[in-house]
Amino acid sequence: MNIVVAQSGGPTSVINSSLLGVIKAAVASDKIEHVYGSKNGIEGIIYNNLIDLSNILTDENEMLLKQTPSAALGSCRYKLPDFSADSEVYSRITKNLEDNGIKAFFYIGGNDSMDTVAKLSKYMADNNIDIKVMGVPKTVDNDLLITDHTPGFGSAAKFVTTALSEIVCDSEVYDLDSVTIVEIMGRHAGWLTASTCILHNTTAAPHLIYLPETKFDVEKCVSDIKEILKKHRSVIIALSEGVEISKQAVSSSDGFGHVQLGGVGRELEALIKDKVGCKVRTVELNVLQRCSAHINSKTDVEEAVAIGSAAVEAMLSGETGKMMCFKRVSNLPYKVEIVTADASLVANGEKAFPLEWITADHNNVKDDAISYFLPLIDGECEIITDNGLPKHITLK
């Protein structure tokens, strides 16, 4: 048989490691002849825009895939319609897959991508079409249901936490009161922002952590800042982009109806300047959180490769309509197992950060969460460089 793999949604710094895992397992199998890559997610299959990846694996290319951020095959935010509303696109997908001798489709993505996996696998089953569909998880938001964590999150958490530790050093240069707000990704789930609590092992910062899972209280925030300034000349705030300080105007949304957020840090900055009266600055980490592959977690990279390979093995054993998941066995020593779950149970859902790990004042994260986060950021990766800069791969 032939197989095809695609990437979807917002990229991460290890999404190409999962792609590598799929390719390696497929090339190693005597049951698979060609591995195709679909350009720009499911759209590449709809428009028959495929490239053959069967012969790309050299030692250097494997290394480069592990250290190249973003989606090497390109991505999309295409929402597959319900079959009852639009059957034509399903017919096109099926025809293009069959014309290329493809018997299995692997989709690397988040909860919206699992919606595509669930719909497409059901269509194939309902119409007795022998094509399997499997989901491989990814997202820096870490908000997928069932799986303990998602590939991409550990590296993003490592970058964010490292950035904050360096911001802490910079903020203490001058002998004056200041507040630094670091705006971090997380629309509805505050996992990435919460991961900054790792720094509490060595410092009091971030002094305040605000997540979208709880209601934000402006007056309490101002009061907390004033109290902290009595002990520290610099206050560091980790702020999730999804925190609602006031009703924000929404200018646009993606194909799945998710609003495009950003700017909450500036909003809070203006309030603090007005009510506290000290120096305030906002640092918006933005896309750096999902593309800073130079500081990838080795654990994250290795797990991303492993879960991509496991998807191929699960398909070859007869599974379809499933998403691969991590099941945590222990923290010390850190150990996980890779299992499967129905993609329909993950599709369009969101896993919130546990309320029991948020302080009663809703302004910080308990140290209980640190043991969850620490293993995910562990280990450093060897990087291939050219003239002092990391090299990246381009798939053609």
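The values are calculated or read from the model by the stated rules, or taken from the named source; none is laboratory data. This is a predicted model, so every value here is computed, not measured. As a convention, Cβ positions derive from the backbone with ideal geometry for all residues, glycine included, and neighbour counts pool all protein chains shown. Note: areas computed on protein heavy atoms with side chains; ligands, DNA, RNA excluded. Shrake-Rupley method; radii C 1.70, N 1.55, O 1.52, S 1.80 Å.
Since only 199, 235, 117 are under comparison, the one whose Cα sits farthest along the positive direction of the charge dipole of the chain, derived from C-beta charges on Lys, Arg, Asp and Glu, is 235. Relative to its residue count, segment 93-191 spans a Cα convex hull of 125 Å³ per residue. Applying the Kirkwood pairwise sum to the alpha-carbon positions of segment 144-203 produces a hydrodynamic radius of 13.1 angstrom. Among the aspartates and glutamates, which fall within straight-line cross-link reach of residue 273, defined as a Cα-Cα distance under 14 Å, with same-chain neighbours fewer than 8 residues apart omitted? Here the aspartates and glutamates satisfying the reach criterion relative to residue 273 are 177, 219. Accessible surface for the chain, divided over its residues, is 42 Å² per residue with a 1.4 Å probe. The candidates 392, 34, arranged from most to least accessible area with a 1.4 Å probe in the full protein assembly, appear as 392, 34. Within 15 Å, Cβ to Cβ, of residue 227, how many net charges do the neighbouring residues add up to if Lys/Arg are +1 and Asp/Glu are -1? Around residue 227, the charge tally is +1. Taking the longest Cα principal axis of the chain as reference, the axis of helix 111-126 is set at about 20 degrees. Residues 191, 357, ordered by accessible area of protein heavy atoms at a 1.4 angstrom probe radius and largest first, appear as 357, 191.
Cross-linked pairs 39/103; 24/79; 39/396; 138/351; 79/322; 298/327: Cα-Cα separations exceed 21 Å for 24/79. For segment 7-63, the square roots of the Cα gyration tensor eigenvalues, ordered a ≥ b ≥ c, give a/c of at least 1.5 with a/b no greater than b/c, which places it in the oblate category. Within segment 350-396, the percentage of alpha carbon pairs spaced more than 14 angstrom apart rounds to 70%. In the complete set of protein chains, residue-level accessible area for residue 278 is approximately 20 Å², probe 1.4 angstrom. Ranking 158, 366, 335 from most to least accessible surface, computed with a 1.4 Å probe over the protein chains only, gives 335, 366, 158. The solvent-accessible area of residue 114, taken with every protein chain present and a 1.4 Å probe, is close to 0 Å².
For the chain, the Cβ-based charge dipole about the Cα centre amounts to some 260 debye (Lys, Arg positive; Asp, Glu negative; other atoms uncharged). Binning the C-alpha pair distances of segment 128-259 at 5 Å intervals from 0 yields a P(r) profile of 2, 9, 16, 19, 17, 14, 9, 6, 3, 2, 1, 1, 1, 0, 0 %, listed from the shortest bin outward. Between 0 and 90 degrees, the angle of helix 15-28 with respect to the longest Cα principal axis of the chain falls at about 30 degrees. Seen against the Cα atoms of the chain and their longest principal axis, helix 264-275 is set at about 10 degrees.
Looking at the chain, the DSSP beta bridges with both ends there are about 30 percent antiparallel.
Roughly how many Å is it from the Cα centre of segment 122-200 to that of segment 343-396, as a whole number? Here the answer is 4 Å between Cα centres. Computing Rg/Rh (Cα atoms, Kirkwood Rh) directly from the structure and comparing it against [x] 0.96; [y] 1.01; [z] 1.06 singles out [y].
Highest mean packing comes first when the peptides 41-52, 235-246 are listed by Cβ atoms within 10 Å, giving 235-246, 41-52.
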